[in-house]
Structure formats: C-alpha cells, structure tokens
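The values are calculated or read from the model by the stated rules, or taken from the named source; none is laboratory data. Since we're looking at a predicted model, the values are computed, not measured. Note: ideal-geometry Cβ built from the backbone for every residue, glycine included; neighbour counts use all protein chains shown.
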Amino acid sequence: MNDVNITAAVGKRKRGYHHGNLPSALVAAGLALVESRGVGALSLREVAASARVSATAVYRHFADKDALLAAIAAEGFAKLNAEFDAAVSAGGAQDPVSRLHALGSAYVRQALGHPGLFRLMFGSRQGSRARDARLNEEASRAYHTLEAAVAACIGGAANRKTISATTVAAWSMVHGYAMLCLDGQLSRYPPDLLPDTPSILASLIPKS
C-alpha cells in the first residue's frame, strides 16, 4: 500500500469517529441489525463496522454484548411507550375499556411491526439488562400504563392484589396473542374467524 492509500484509509477511519453521540449511533446500528437479522446475528464487531468505528470504541461505552442489547431493548420499550401514548391520544376521551383495548392493539402492532426487537425486549437474557437504568424505567412505565388502564376498567374499589392479577392476565393474553401471530400459529384460522386484540381482551374485561 502506498503513502496515498495509507493516508486515505486513515482519513476514512477517522471520519468514522465523527459521531455527535456515539452510544446512540451504536444503539441505532445494533437495532438495525436486530430488526433485519435477529438477536442471534448481532455481534459487537458488526455493530462497530456498521457505525464505522473500531471495536475498541464500542467497549468504551458498552462493557459487553449484553450491555448493548440492554440499551437496544430500552429503545424498544421507549417505542412501545410512544405507541401507547399515541393510542391514548388518538382515542380522545375514551371510556376505560376502549382505552385498554387501544393499548392492547398498540402492543400487538409493536410486536408485528418490529418482531426482532420485540423478541429481544421480552427475551430471557439477564446480566447487564438488570442493571440498565433506562431499560428498567421504560419497561416499568409500559407496565404501569397497562396497570392504570386495567384499574380504571375494574373500578377504584378493587384492591391492589386484584388489580395486579387482572393486569398480568391482560398482559399475558395480549402478549401470548402477539407471539402466536409472530410464530405463525394462527395461520390455520380463516380470516373471518381470527380474533383481533380488542375481542381477546373483551373476554377478560367486557364492555358494560
């Protein structure tokens, strides 16, 4: 390699470091890989290449692959919370059950629209995930949004244990439905018999 080529290669590498916010760029690169090829295909080396930085630069911000996956999962829950907010805003002054149904539909849209990210968000990887403050914050916010909607449906007189049990039941139904859709398990149903998310939730909390 001559001096001109060396200079060009060094210049190209240097330009790769010009990120206003490298952690965000790395999360965005990792998110794109998860969306296109799934969690199993993600590697720090490939994320670094996609963001046009060295592998060493990745380790300055994320201790390991799990730490990066935790940050990507946090971004997924932030997107889910945005979906929840939009669903509630679009409904205006909804009655409580309609609001819950809208949240359930938003949850399923997130799953079907971003299957790789959705599987990461609810996967079983631990380690760094448990220590990621933003992930815990965004996941808790999503849960409490659902819990508040359930509480409004079953009435203020319900005790905490009943609200918690009903929230977990509603979450389980919608999450299970989303996973069945993602895994193609509902393809055997003819379109006119395939239930939608509101009808699934209505079996738990019917409209009055």
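Remarks
- Checking the stated criteria, His144 turns out to be out of contact with any helix residue (DSSP H, G or I) (no Cβ under 9 Å at 6 or more places or on another chain), modelled with pLDDT of 90 or more and under 23 Å from Asp85 (Cα atoms).
- Filter result (of a type in the set (A, V, I, L, M) and in a loop (DSSP other than H, G, I, E, B)) within the stretch 142-169: Ala157, Ala158
- Residue match in the stretch 123-135 (condition: touching a Pro at 6+ places or on another chain (Cβ under 8 Å) and in contact (Cβ under 8 Å) with a residue 40 or more places away in the chain): no
- Of the residues making up the stretch 84-101, those that are buried (at least 18 other Cβ atoms within 10 Å of the Cβ) and either in contact (Cβ under 8 Å) with a residue 24 or more places away in the chain or under 11 Å from the mean Cα position of the chain (by Cα) (or both) are Phe84, Pro96, Val97, Arg99, Leu100, His101.
- Residue, modelled with the highest pLDDT, within the stretch 48-64, restricted to residues that are in a helix (DSSP H, G or I) and surrounded by fewer than 19 Cβ atoms within 10 Å (Cβ to Cβ): Ala49
- For the stretch 43-95, a tally of residues being acidic (Asp, Glu) and under 20 Å from Ala111 (Cα atoms) returns 3.
- Every condition in (1) part of a helix (DSSP H, G or I); (2) farther than 22 Å from Ala82 by Cα holds for Leu201 except the one numbered (2).
- For the stretch 147-181, a residue qualifies if it is surrounded by fewer than 13 Cβ atoms within 10 Å (Cβ to Cβ) and more than 26 Å from the chain's Cα centre (by Cα), and the qualifying residues are Gly155, Gly156, Ala157, Asn159, Arg160, Lys161.
- Residues that are of a type in the set (Ser, Thr, Tyr) and assigned to a helix (DSSP H, G or I) were ranked within the stretch 115-141; the one that is modelled with the highest pLDDT is Ser140.
- For the stretch 29-41, filtering for residues that are more than 18 Å from Phe122 (Cβ to Cβ) and surrounded by fewer than 17 Cβ atoms within 10 Å (Cβ to Cβ) leaves 4.
- Some residue of the stretch 73-83 being among the hydrophobic types (A, V, I, L, M, F, W, C), surrounded by fewer than 22 Cβ atoms within 10 Å (Cβ to Cβ) and over 16 Å from the mean Cα position of the chain (by Cα): no
- Single residue of Tyr177, Tyr189 found to be at pLDDT 95 or above, outside the structural domain of Glu35 (by TED's automatic domain parsing) and within 18 Å of Ala111 (Cβ to Cβ): Tyr177
- The stretch 55-66 residues that are touching a residue at least 40 places away in the same chain (Cβ under 8 Å), paired with ones that are of a type in the set (S, T, N, Q) and outside any loop (DSSP other than H, G, I, E, B) (beta carbon under 7 Å, 6 or more apart): Ala63/Ser128; Asp64/Ser128; Asp66/Ser128
- Residue satisfying all of: in the stretch 182-208; farther than 21 Å from Tyr143 by Cβ and under 23 Å from the mean Cα position of the chain (by Cα); surrounded by the fewest Cβ atoms within 10 Å (Cβ to Cβ) among these: Gly184
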